[in-house]
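Right, one structure below, let's go through it.
The values are calculated or read from the model by the stated rules, or taken from the named source; none is laboratory data. Predicted model only: the values in this text are computed from it and were never measured. A quick note on method: Cβ atoms are made from the backbone with ideal geometry, for glycine too, and the neighbour counts reach across all protein chains shown. The area values use the complete protein model at the heavy-atom level, side chains included, leaving out ligands, DNA and RNA. Shrake-Rupley method; radii C 1.70, N 1.55, O 1.52, S 1.80 Å.
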Amino acid sequence: MSSTVAQFSQVLSKTLPPEMSFNLPKESVYAERQTVQFTAQSGPEYIPGNTVRIHLPPNDYMMDTHCTFLQFSAKTTDANVAFAEGIYSVIERVRITSAGSNLLEDLPYYNLRQRIEAGVTVPQYLKDSCLGVAQGYYASGADKFAVSSGLHRYMIPIKSALLSNQKHLPIKYTGGLVVEITLAPGIDACVVKNGAVPGYSVRDMCIVSDVIKLNDQQIAVMDAAFKKQGLKLFGTTYTHHFLNYSVPNSTLNICDRSASQKDILLLFRDNAVLNDHSKDSFLRAKTISTYQFNVAGQLFPQKPIRCDDYASEAFVELTNAFHGHVIGAGMMVDKYNAPSEGTFVLGRDLESSRTVVSGDKLCKSRAVDMQVIVTSNVAPNQRVDAFIGIDVVYEFLPTGEINIYK
């Protein structure tokens, strides 16, 4: 029997006008998609302060990093204890090492960085959806204490240069990776009522990923290419810096020598709130009146940004830092304060364009600190967490050597 596809092609060639010529599509390369699960090396239950290690072996497949998630079950230890919004709050640090224990990526205060991003980019309707609930957000009207005290399964993406920025990760040529998840203290991950002690437990943590399996011929071609030139991976990550803000009019110095600084985010938090178990330790406080960045002698912007009233100027700067993807308020107001006394994150975009590597390099080339110039009408007593987004390049060589450029 003749091919119906071939007949279809012949019919089209006779019926379609010349400018709409039809050609059969070329045969695609063989590939098989599977979902695999990488389980933790110990467990199954963990408590605050524990470190969970998950090994990603160097197998002959491509990991689809856009379909790679961290999955686990969690619950609080008491009906009077609730998780802070967003299950990211239980992850204090993420470290990714090679199988030979070389540190490739370190993401300290991971919970703070991800909650900043979620606080300004995740709309309430998404938090109300099944996807939002699966990531630890509370639907409108939900009793967060009742939800948190029950054991629930959560699934969140791992946001890192290696595990989220590459579309497909040829894990074989990295020699294998180890992902280390350190759980946050209860006071950083939970809020309480009725004098309860903050605490929680996590079970059955694993990484779930879609992988693309190729045939032997394709693998041989990739092996030959790797032996000739190695493997380079590009991505974006961040560095963290702790600052103390105690004098109203201050210049806060950030010592970062990254070659390509993409953006900066600042989180201001009252020291009093950090030790209050009844409040989310993530709460930010707005006490500053104006701010301005000094990057290697260049002021950004030329005129200080005002933070009075609803801090609309600061909101615009924050929007630019997230490339326009801000749908929440720059003032992320908590329910304990009036809007004019509310909470927010400061942000600044340092990129010159939207290309892969376009960050600012002056701080490294001139060996100077980045400065944040702030003014205030009140005496602050605050901790400032500074996150600087940077470009990073990983080079995996056939000899087993790994070079990191950032």
**Item:** Accessible area, probe 1.4 Å, largest first, for residues Asp308, Asp64
**Value:** Asp308, Asp64
**Complete:** Env charge @ Gly150, Cβ radius under 15 Å, K,R +1 / D,E -1, value +2
**Item:** Over 26 Å [Cα-Cα, region 168-279], rounded percent
**Value:** 56
**Heavy atoms of Met62: accessible area, 1.4 Å probe, square angstrom to 10** = 40
**Item:** Mean Cβ neighbour count within 10 Å, used as a protection proxy, ranking 314-322, 145-153 highest first
**Value:** 314-322, 145-153
**Those aspartates and glutamates that a straight Cα-Cα span of less than 16 Å connects to Lys228, excepting residues fewer than 8 apart in one chain** = Glu395, Glu401
**Message:** Just to confirm, what accessible area per residue do you get for region 26-170 at 1.4 Å probe, in whole Å²?
**Reply:** 45
**Request:** Report the calculated FRET efficiency for Ala142 and Asp204 (r = Cβ-Cβ distance, R0 = 22 Å), to the nearest 0.05.
**Result:** 0.40
**Fill in**
Cβ-Cβ cut-off under 12 Å around Asn403, Lys and Arg +1, Asp and Glu -1: the net charge is 0
**Fill in**
Descending accessible area (1.4 Å probe), largest on the left, turns Phe83, Phe69, Phe234 into Phe234, Phe69, Phe83
**Request:** Please calculate the 1.4 Å probe accessible area of Cys67, with all protein chains present, and give it to the nearest 10 Å².
**Result:** 50
**Message:** Compute the distance from the alpha-carbon center of region 191-222 to that of region 240-307, in whole Å.
**Reply:** 32
**Protein-only accessible surface order, largest first, of Met222, Met63 at 1.4 Å** = Met222, Met63
